[in-house]
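Student: What follows is a structure written as structure tokens; I'll ask about it next.
The values are calculated or read from the model by the stated rules, or taken from the named source; none is laboratory data. In this text, all values refer to a predicted model and were calculated from it rather than measured experimentally. Backbone-built Cβ (ideal geometry, glycine too); neighbour counts: all protein chains shown.
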Amino acid sequence: MEPVYLDFHIHTSANPESPNEQYDLDALIRGVENISNGSPFLISITDHNFVNKAVYLQAASKIENLLLGVELHIRNYEECKPYHCHIIFNISAIDENVIDDINAKLDDLYPIKSVGSCDKIPNLETIMNRFDGYEFLLLPHGGQNHSTFDKSIPEGVEFDRTLERSIYYNHFDGFTARGNKGLEKTHNYFERLGIKDFVNLVTATDNYTPETYPDCKAGKEATDFIPTWMLASPTFNGLRLSLSESSRLVYGDKPDSWTEFIESASLKNDNIEVDVTFTPGLNVVIGGSSSGKSLLVDSLYHTISGEIEQSQYIKTPYNISDLVVVNPAGQIPHYFNQNYIMKICDQKDRNNKIDDISILKKVFPQDTVERQKITNALQSLSSTLSRLVQSIEEIELLQNSLSRIPNLATLIVTEAIQDNPLRKLTPKDKDIQLVSYSEADYDRHIETLDEIESFISKNPLIKHNANAENLGSGTIVKRRFLVPDSRSAGRVFVAKRRKPARHRETASSHARADVSIPLLGRNEVTRTNRG
């Protein structure tokens, strides 16, 4: 597919009150063809608040890919200047009737075509309602030196972000500028709204004189023009798709032709007729239930891969082996059928996992560190959720207990209360919980210590004693207990692991614990605590 040159900001008349019917359309075509350099182009002639009927009727017969458009003035706040916005219509055939209807609506909206900042100018809602019968795109100025949307809001006004975001999502498909430089304010504005990835730039010339195309009214003093190239079909729908998929828009020099894609597929017999043309990038096959979507994709893949006999549709009466696929690059795509995707999404299916998809491993190389962080975070989340469930159960028990307490008035007494003072010495559940050490916690801690010891023993940068306990972060702690009796005086033994309190070994009051900590790059430091 050839890249398509775009320009939706071309004027025929400097004075919209006096349309220039003698506009040199041939000069414009020569200028556009000079930049497109043999590639297709898609343009729109957008005068201020009116359609130049004479020029458009002439252009419709000379320009293959032409969209009907107008540059509108739109009021946002009465105390601020209006902003300029291009409206691009989806018209199957540009003829006199269509132009007359649109101009009639524009005459109602703009009785005076050359409006000033203080004139009565319609707001966006009024314009949307007036052109409700048409399909169109709205592209406000985003990088011009004047009349941009972000400047149509007063300083200090805290515009409702939800409403503002809704306006862009539902009405604005992109924005225009002469180049892709100096757009920081616009990008920051869109980023603040959270729509930066969905509202894309289309550069345009703002040309008034076709003989000097692509210069604008300011001439050589204006910002340098940076062309926009679209990797899609030169149509209204191709433009709409590209505005929502930034990878299809290229700024600057003309890109190479995009040939690494499947161009078409066709099949015709008594039972089926397929004639599909594909475009680079994402293609979506849309249709009702049992309309043949899976048949098309499955047959397409197995034809390209040379394994048509393995298609699940090979025994159907559609003769899919006769499918003709145009695939210039000869590349074999990755294919995931619907049943496989459903298995991947089924959490109960242990045999099919998303990690097993080869293309994902290539596109997203495995990062063991990040994966371990995710695993640790999931374990922490699981532990937290367990405590949450346990706490909820305890709260429910307390609520049941509280519901059985008699009326508060009956609990107030003035006589001496006989009570057992030993109850004050009985530990409460909270106190017991602080000193308890469950077998599950013990097993989990031992497993963690084993992992740390395994890591340290394999690390060449850490001095490791296999008979020592590992406490992490490269610190090796060795506990030695000296038992002062005749049989084991001076003998050293290592307590590798210690069971919970009921199994714990005890040392005499004369026991000594030595802690030896080797520091990388420093001398070994030994600290002795005597008890």
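Student: Among the residues of region 1-18, count how many are surrounded by 22 or more Cβ atoms within 10 Å (Cβ to Cβ) and of a type in the set (A, V, I, L, M).
Tutor: The total comes to 3.
Student: Filter region 109-130 down to the residues that are farther than 22 Å from Phe89 by Cβ and loosely packed, with under 13 Cβ neighbours inside 10 Å and list them by number. Full working, then the answer.
Tutor: At the first step, the residues of region 109-130 found to be farther than 22 Å from Phe89 by Cβ are 112, 114, 116-120.
Selection gives Ile112, Gly116, Ser117, Cys118, Lys120.
Student: While we're here: Quick check on region 26-39. Is at least one of its residues surrounded by 20 or more Cβ atoms within 10 Å (Cβ to Cβ) and in contact with a strand residue (DSSP E or B) (Cβ under 6 Å, 6 or more places away or on another chain)?
Tutor: Among the residues of region 26-39, at least one is surrounded by 20 or more Cβ atoms within 10 Å (Cβ to Cβ) and in contact with a strand residue (DSSP E or B) (Cβ under 6 Å, 6 or more places away or on another chain), which makes the answer yes.
Student: With in a helix (DSSP H, G or I) and at pLDDT 80 or above as the only criterion, which of Leu388, Leu360 stands out?
Tutor: Being in a helix (DSSP H, G or I) and at pLDDT 80 or above holds for just one of Leu388, Leu360, which is Leu388.
Student: Six or more apart or on different chains, Cβ atoms under 6 Å: show the pairs whose first residue is in region 94-121 and in the same structural domain as Lys81 (by TED's automatic domain parsing) and more than 27 Å from Thr235 (Cβ to Cβ) and whose second is basic (Lys, Arg) and assigned to a loop (DSSP other than H, G, I, E, B).
Tutor: Once the first residue is in the same structural domain as Lys81 (by TED's automatic domain parsing) and more than 27 Å from Thr235 (Cβ to Cβ) and sits in region 94-121, its partners that are basic (Lys, Arg) and assigned to a loop (DSSP other than H, G, I, E, B) give Ser117/Lys81.
Student: In region 310-334, which residues are in contact with a Ser or Thr (Cβ under 8 Å, 6 or more places away or on another chain) and farther than 15 Å from Asn269 by Cβ?
Tutor: Residues satisfying the conditions are Ser311, Val325, Val326, Pro328, Ala329, Ile332, His334.
Student: On the given criteria, is Gly219 surrounded by fewer than 13 Cβ atoms within 10 Å (Cβ to Cβ) and at pLDDT 85 or above?
Tutor: In short, no.
Student: Out of all the residues in region 9-18, is one or more touching a residue at least 60 places away in the same chain (Cβ under 8 Å), farther than 27 Å from Tyr110 by Cα and in contact with a strand residue (DSSP E or B) (Cβ under 6 Å, 6 or more places away or on another chain)?
Tutor: no
Results for (1) touching a strand residue (DSSP E or B) at 6+ places or on another chain (Cβ under 8 Å); (2) in a helix (DSSP H, G or I); (3) closer than 30 Å to Asp7 by Cβ, shown as yes or no for each residue.
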{"residue": "Val250", "(1), (2), (3)": "yes, no, yes"}
{"residue": "Phe261", "(1), (2), (3)": "no, no, yes"}
{"residue": "Val274", "(1), (2), (3)": "yes, no, no"}
{"residue": "Ser289", "(1), (2), (3)": "no, no, no"}
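Student: All but one of (1) of a type in the set (A, V, I, L, M, F, W, C); (2) surrounded by fewer than 18 Cβ atoms within 10 Å (Cβ to Cβ); (3) more than 36 Å from the chain's Cα centre (by Cα) hold for Ile286; which doesn't?
Tutor: Only one criterion in (1) of a type in the set (A, V, I, L, M, F, W, C); (2) surrounded by fewer than 18 Cβ atoms within 10 Å (Cβ to Cβ); (3) more than 36 Å from the chain's Cα centre (by Cα) is unmet by Ile286, namely (3).
Student: I'd like to check something: does region 289-310 contain any residue that is over 26 Å from Glu245 (Cβ atoms), modelled with pLDDT of 80 or more, touching an Asp or Glu at 6+ places or on another chain (Cβ under 9 Å) and not assigned by TED's automatic domain parsing to the domain that holds Leu231?
Tutor: Yes, region 289-310 contains at least one residue that is over 26 Å from Glu245 (Cβ atoms), modelled with pLDDT of 80 or more, touching an Asp or Glu at 6+ places or on another chain (Cβ under 9 Å) and not assigned by TED's automatic domain parsing to the domain that holds Leu231.
Student: Hey, another quick one. If Ile87 satisfies all but one of (1) touching an Asp or Glu at 6+ places or on another chain (Cβ under 9 Å); (2) closer than 19 Å to Asn20 by Cβ, what's the number of the condition it fails?
Tutor: Of (1) touching an Asp or Glu at 6+ places or on another chain (Cβ under 9 Å); (2) closer than 19 Å to Asn20 by Cβ, only one is false for Ile87: (2).
Student: Also, I was wondering about something else. So, of the residues in region 65-86 that are surrounded by fewer than 23 Cβ atoms within 10 Å (Cβ to Cβ) and modelled with pLDDT of 95 or more, which turns out to be nearest to Phe8 (Cα to Cα)?
Tutor: So the residue we want is Leu66.
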